[in-house]
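Structure record follows, encoded as structure tokens.
Readers should treat all values here as calculations from the given coordinates under stated rules, not as data from a laboratory. From a predicted model like this one, the values you see are computed outputs, not experimental measurements. When we count neighbours, we look across all protein chains shown, and the Cβ atoms used for this are built from the backbone with ideal geometry, even at glycine.
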Amino acid sequence: MRPKPHFRPGIARIVIGLLLSCSIGGGLAGFGSVAWAATTERVVTNRYSGLAIGGVDPLTYFVNGRPEVGLPDFEVAQGGAVWRFRNEGNRDSFVAHPEIYGPQFGGYDPVDLARGVTVAGNPLFWALAGDRLYLFGREETRDAFAANPAPYVKEATMRWPVLEQQLAQ
């Protein structure tokens, strides 16, 4: 019997989000396709706006259990991208600990990284595992990760340094 990985208390073992409903409004309407993504300094960003993870406040995955669009009043440039937040507290927490609240692997899909390829994650396909945020390019890769995240995280972690160096500078 395989041991279960530890997940954030108070949230289901893996919180899976595919929020294409009106609960997040039109602010995320452009996320239906992976084509929106580009890279800047190895972080997935919107090629037109420079926004990391499409302007979603990364702390809302942890705090509210769903992606919520950040506001221009609370933004910060970090890691070659512009990050937006819902409030000053979220912004300050991110600036203090981007390694905790930012998407792992710069927002690239860990399942695809484990296979040796870089595929930009979509803010609507996500999971929290081991108190970290992961984004996925497709629903199928998110579901595979959710079934057993440990081997994907291990393999992606091993491959990431080389793959990261191959991304656009």
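Could you identify the single residue in Phe125, Phe145, Phe136 that is over 13 Å from Gln104 (Cβ atoms) and of a type outside the set (Ser, Thr, Tyr)?
Details: Phe145 fails: over 13 Å from Gln104 (Cβ atoms); Phe136 fails: over 13 Å from Gln104 (Cβ atoms).
It is Phe125.
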Using beta carbons and a limit of 7 Å, which pairs, at least six apart or on different chains, have the first residue in the stretch 65-94 and over 16 Å from Val44 (Cβ atoms) and the second one assigned to a strand (DSSP E or B) and among the small types (Gly, Ala, Ser)? Arg66/Gly17
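Report those helices (runs of 4 or more DSSP H) wholly inside the stretch 81-169 carrying at least 3 residues which are of a type in the set (D, E, K, R) and out of contact with any strand residue (DSSP E or B) (no Cβ under 8 Å at 6 or more places or on another chain). Reasoning before the result, please.
Working: elements: 88-96, 98-101, 110-115, 139-147, 149-166.
Of the helices (runs of 4 or more DSSP H) lying wholly inside the stretch 81-169, those with at least 3 residues that are of a type in the set (D, E, K, R) and out of contact with any strand residue (DSSP E or B) (no Cβ under 8 Å at 6 or more places or on another chain) span 149-166.
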Can you tell me how many residues in the stretch 49-80 are closer than 17 Å to Leu135 by Cα and not in a loop (DSSP other than H, G, I, E, B)? 12
So in the stretch 115-156, with the set limited to residues that are touching a Phe, Trp or Tyr at 6+ places or on another chain (Cβ under 8 Å) and of a type in the set (S, T, N, Q), which one is surrounded by the fewest Cβ atoms within 10 Å (Cβ to Cβ)? Thr118
